[in-house]
Amino acid sequence: MSRRWLITGVSGGLGRAIAKGALARGDSVVGTLRSGAEEFEMLAPGRSHAVQLDVSRLGDIPAAVQTAATRLGGIDVLVNNAGYCLAGAVEEIDDAEANEIFAVNFFAPLAVMRAALPYLRTATPGRIINISSLAAVESYPGLGLYCASKAGLSALSDTLAIEVQPFGIHVTAVEAGGMRTGFAGRSLRKAAERLPIYEPMRSKVEDAFRASDGRQANDPEAIADAVLELSDLSLPPTRVVLGQAALERAEAALGARRELYRSYAATDGTARPAG
């Protein structure tokens, strides 16, 4: 039975790969993008529909979702994929930069979900897949605002999954490892302020991005295939890590956090160094 997908950020990378995979199955897709609408609609004329949207313009989101639902006759699967990475020390990032990355990576998915939920409640069953990141689990110096925005998205997904379960809607946060997309290259943004004290750290971060650009371990098509499989599950997980070494890294990060908690635990319920 064909399904109706709304996917944000389909101009390239993972969003485009998910859209192409869904279309190859015979499904219908509305993809949001800032430009290139005609090219997207030519992928599967009559089944691939483009809605021009800059997700940082939060006020435009409800109308875009309504347009998507009208074109498709409803929404069965929502994929919040649009997002970007901001490099810079926490001290370097100004208010405008912080507000922008949270608008795109957190508040836009929130707005899309709010607008889509009335349609998803009528689907059988409804699916929400939020593309988060391994950065929601393990933190990286020089990427603090990106990590925070993705951690917020994963936490929001956890709560929403509980709230909408009675309506037959399932929510999954995909905490993916690095993929061969424009993430580390053309899509990477950098803080305008560059404090000299952070130059050693900044050099390491920027060198790592340059070295990894186009050479990341994970193929976006393979991650897209896994996302499509998730959408088929009758009881999908609320969180999943995808990509080479992602599980090992997530387990290591969570294990270190567990040990940290235990080191400050006390039998009477207070929080203080044990022993």
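The values are calculated or read from the model by the stated rules, or taken from the named source; none is laboratory data. It should be emphasised that the depicted structure is a prediction, and the values quoted were computed from it without experimental measurement. In this analysis, Cβ positions are derived from the backbone assuming ideal geometry, glycine residues included, and neighbour counts consider all displayed protein chains.
Here the condition is being polar (S, T, N, Q) and free of Cβ contacts under 8 Å to residues at least 24 places away in the same chain; of Thr70, Thr122, it holds for Thr70 alone. Entry remark, the stretch 1-15: residues being assigned to a helix (DSSP H, G or I) and in contact with a Leu (Cβ under 9 Å, 6 or more places away or on another chain) number 1 in total.
May I ask you to say which residue of Val104, Val65 is more than 23 Å from Arg3 (Cβ to Cβ), part of a helix (DSSP H, G or I) and touching a residue at least 24 places away in the same chain (Cβ under 8 Å)? Reasoning before the result, please.
Details: Val65 fails: more than 23 Å from Arg3 (Cβ to Cβ).
Selected residue: Val104, the only one of Val104, Val65 that is more than 23 Å from Arg3 (Cβ to Cβ), part of a helix (DSSP H, G or I) and touching a residue at least 24 places away in the same chain (Cβ under 8 Å).
A single entry from Glu92, Glu138 fulfils the requirement of being at pLDDT below 95 and charged (D, E, K, R): Glu138.
What number of residues in the stretch 46-70 are within 16 Å of Ala19 (Cα to Cα) and either surrounded by fewer than 19 Cβ atoms within 10 Å (Cβ to Cβ) or polar (S, T, N, Q) (or both)? Count: 4. Quick one: would you say Leu153 is closer than 22 Å to Ala226 by Cβ and either surrounded by fewer than 20 Cβ atoms within 10 Å (Cβ to Cβ) or not small (Gly, Ala, Ser) (or both)? Answer is yes for this residue. With respect to Ser231, determine if the residue is touching a Lys or Arg at 6+ places or on another chain (Cβ under 6 Å), in a helix (DSSP H, G or I), at pLDDT 90 or above and of a type outside the set (Phe, Trp, Tyr). Yes, satisfied. Among the residues of the stretch 211-236, the ones that are in contact (Cβ under 8 Å) with a residue 12 or more places away in the chain and surrounded by 13 or more Cβ atoms within 10 Å (Cβ to Cβ) come to 17 in all.
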